[in-house]
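Beneath this line is the structure, given in structure tokens, with notes to follow.
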Amino acid sequence: MSEHTLARKDILGLRGMSREEITLILDTAASMLEIVDRDIKKVPTLRGKSVLTLFYEPSTRTRSSFELAAKYLSADTLSISTQTSSVQKGETLLDTARNIEVMGVDTVVIRHSASGASHFLARHLKAHVINAGDGMNEHPTQGLLDMFTIRTHLGRLEGLRVLIVGDILHSRVARSNIWGLLTMGARVAVAGPATLLPPRVAELGVDVYTDLDLALRHADVVNVLRLQLERQKKGLFASAREYNEFWGLTPERLRASQPDLLVLHPGPMNRGVEITSEVADGPQAVILEQVKNGVAVRMAILYLLMGGGE
Amino acid sequence: MALQEKARIMDEDAIRRALSRIAHEIAERNLDVDNLVFIGIRRRGVPLAERLAAEIQRIEQKKPPVGVLDITLYRDDLTTKHDTPMVHKTDVPFTVAGKDVILVDDVLYTGRTARAALDAVIDLGRPRTIQLAVLVDRGHRELPIRADYVGKNVPTSQREVIEVRLAEVDGVNEVWIVEKTD
């Protein structure tokens, strides 16, 4: 096993992934980014390999990003949406995946509302499994592309102060960012309404703020989470308007923070709720860049999982 | 398996003279210097491409652009290796479409690297010509590929390895034949 190889069959989460593995993925993604900028976006590397995207939850960015990443590397792609498949007829997750696997799929990318769904598949399939978001657990490729974007702009991750704002409780993006950033030596803080912070979140090794203005003064990077309106059924905050007042990233708050604060958002944005348009479209925001970097990061992962022989 | 130095076949002067001669040949064969671009194949093709472009500047008072090519994603042996080789950056900050591309590498051996490099360049655009310049041609081709410019032809056995050492990478300018010993 060389230093240039991931020591794993699957990418299920950033929890437990080593600094060396994360660095290898980010370094490889830096090389892949050049291909995304080409006129002819195609290299022959994964010719003859196939990738299935199996999404049990809606997605725009993540699914297109995985499919383009696979196509740019010449892998074939197949996508199954649960709305139009036999899942509607009651087929189980494992049966669906096993049927696809015997057709020769090399990698399964899965998004599912149940935490641990990708782990379950990985245990039962010989194919590589990539977690594209499982319930409230992890979304590792988002965590990696966030770290890649930060590293591109600030040159490092070690020692940086990264603030994650918003609905930490329901956010798999927050979890993957926390695990990955801590492993890479960054200092991580979270801020949000007390009702949207997981209990005992401080035990993960992050600083916890209940005042956004205070938290922003101690940050080099802020990652603004989407308020997951579809997961809010229990009245955890009063209204979108009130949320914006206390937890929204507004131009006033940005002006009071450090001048080159880098602003990330995993999308899709609720403009005017967790972030105002002026900030989202402003010079400190790198939100569209994150999307582009996501393709390079996923190319890196597909290459590192499938590029070698058996 | 160890490697044992057998003979030094080029020293600093020999390398300099070879590159100077190749640059003259390139200038002679490509009258439209403005249309020339150099692309070095990682790793040691890159400093060689830089040196050749600098020689062209001395001869023609114009420095052609130099790009860097990483051929990892184009290798034909990926599925035969357990490990995935590290992918480095390709950096060709100019268009190759319509250009006369001088592809530069240190050693020409089986031709598989050159084959991969040809595919990689063509994926960047459609050049007018692609010409191959190498410091050492050691024979044993496995594909129908030849170099347009050769610094030195060196007959070798397949047990031997050609080691090109360049100041930019290795601190010295030398070419050695080394032999595998069991």
**Request:** Looking for whichever is crowded, with 23+ Cβ neighbours inside 10 Å, of a type outside the set (A, V, I, L, M) and out of contact with any helix residue (DSSP H, G or I) (no Cβ under 6 Å at 6 or more places or on another chain) here; the options are B:Gly45, B:Gly67, B:Gly111, B:Gly98. Which one fits?
**Result:** B:Gly45
**Request:** Report yes if A:Leu264 is among the aliphatic types (A, V, I, L, M), within 14 Å of chain B (Cβ to nearest Cβ) and touching a helix residue (DSSP H, G or I) at 6+ places or on another chain (Cβ under 8 Å), otherwise no.
**Result:** no
**Message:** Please go through region A:122-134 and give me each residue that is out of contact with any Asp or Glu (no Cβ under 8 Å at 6 or more places or on another chain) and closer than 20 Å to A:Gln83 by Cα, ordered by number.
**Reply:** A:Ala132, A:Asp134
**Message:** Looking only at residues that are among the aliphatic types (A, V, I, L, M), in contact (Cβ under 8 Å) with a residue 60 or more places away in the chain and away from chain B (no Cβ under 14 Å) in region A:285-310, which one is surrounded by the most Cβ atoms within 10 Å (Cβ to Cβ)?
**Reply:** A:Val295
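Table: residues versus (1) in contact with a Leu (Cβ under 9 Å, 6 or more places away or on another chain); (2) over 23 Å from A:Arg151 (Cα atoms); (3) of a type in the set (Phe, Trp, Tyr).
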position: A:Trp247; (1), (2), (3): yes, yes, yes
position: A:Pro259; (1), (2), (3): no, no, no
position: A:Val263; (1), (2), (3): yes, no, no
position: A:Glu274; (1), (2), (3): yes, yes, no
position: A:Gly282; (1), (2), (3): yes, no, no
position: A:Leu288; (1), (2), (3): no, no, no
**Request:** Taking A:Lys49 as meeting all but one of (1) exposed (fewer than 14 other Cβ atoms within 10 Å of the Cβ); (2) modelled with pLDDT of 95 or more; (3) not β-branched (Val, Ile, Thr), write down the number of the exception.
**Result:** (1)
**Asked** Regarding B:Arg165, is this residue charged (D, E, K, R) and surrounded by 17 or more Cβ atoms within 10 Å (Cβ to Cβ)?
**Response** yes
**Message:** Is it the case, given these coordinates, that A:Gly104 is on the phi > 0 side of the Ramachandran plot, at pLDDT below 95 and either in contact with a helix residue (DSSP H, G or I) (Cβ under 6 Å, 6 or more places away or on another chain) or not in a helix (DSSP H, G or I) (or both)?
**Reply:** yes
**Request:** Could you please find all residues in region A:48-64 being charged (D, E, K, R), under 17 Å from A:Ser85 (Cβ atoms) and not in a loop (DSSP other than H, G, I, E, B)?
**Result:** A:Arg63
**Prompt:** A:Arg253 versus (1) touching a Phe, Trp or Tyr at 6+ places or on another chain (Cβ under 6 Å); (2) over 23 Å from A:Gly135 (Cα atoms): which is the lone unmet condition?
**Reply:** (1)
**Message:** Among the numbered criteria (1) buried (at least 21 other Cβ atoms within 10 Å of the Cβ); (2) assigned to a loop (DSSP other than H, G, I, E, B); (3) not acidic (Asp, Glu), which one does A:Ser74 miss?
**Reply:** (1)
**Request:** Kindly establish whether B:Val175 is β-branched (Val, Ile, Thr) and either exposed (fewer than 15 other Cβ atoms within 10 Å of the Cβ) or within 14 Å of another protein chain (Cβ to nearest Cβ) (or both).
**Result:** no
**Request:** Give region A:50-74 a look and list any residue that's in contact (Cβ under 8 Å) with a residue 60 or more places away in the chain, farther than 27 Å from A:Gly135 by Cβ and more than 9 Å from chain B (Cβ to nearest Cβ), or say none.
**Result:** A:Tyr72
**Message:** If I go through region A:28-44 residue by residue, how many of them are in a loop (DSSP other than H, G, I, E, B) and more than 8 Å from every other protein chain (Cβ to nearest Cβ)?
**Reply:** 2
**Request:** From (1) on the phi > 0 side of the Ramachandran plot; (2) buried (at least 20 other Cβ atoms within 10 Å of the Cβ); (3) not small (Gly, Ala, Ser), pick out the condition that doesn't hold for B:Phe38.
**Result:** (1)
**Request:** Would you check if A:Gly282 is surrounded by fewer than 22 Cβ atoms within 10 Å (Cβ to Cβ), at pLDDT below 95 and not in a strand (DSSP E or B)?
**Result:** no
**Message:** Based on this model, can you work out whether A:Arg47 counts as under 28 Å from A:Met184 (Cβ atoms), within 13 Å of chain B (Cβ to nearest Cβ) and of a type in the set (Lys, Arg)?
**Reply:** no
**Request:** Kindly indicate which of B:Val134, B:Val104, B:Val96, B:Val92 is of a type in the set (Val, Ile, Thr), in contact with a Gly (Cβ under 6 Å, 6 or more places away or on another chain) and more than 14 Å from chain A (Cβ to nearest Cβ).
**Result:** B:Val104
**Asked** If we only count strands (runs of 3 or more DSSP E) wholly inside region A:115-206, which ones have 2 or more residues that are touching a residue at least 40 places away in the same chain (Cβ under 8 Å) and within 26 Å of A:Ser239 (Cα to Cα)?
**Response** A:161-165
**Item:** Matching residues, region A:1-27, being in a loop (DSSP other than H, G, I, E, B) and more than 18 Å from the chain's Cα centre (by Cα)
**Value:** A:Met1, A:Ser2, A:Glu3, A:His4, A:Thr5, A:Leu6, A:Ala7, A:Arg8, A:Lys9
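The values are calculated or read from the model by the stated rules, or taken from the named source; none is laboratory data. None of the values given here were measured: they were computed from a predicted structure. Glycine gets a Cβ as well: all are built from the backbone with ideal geometry, and neighbour counts include every protein chain shown.
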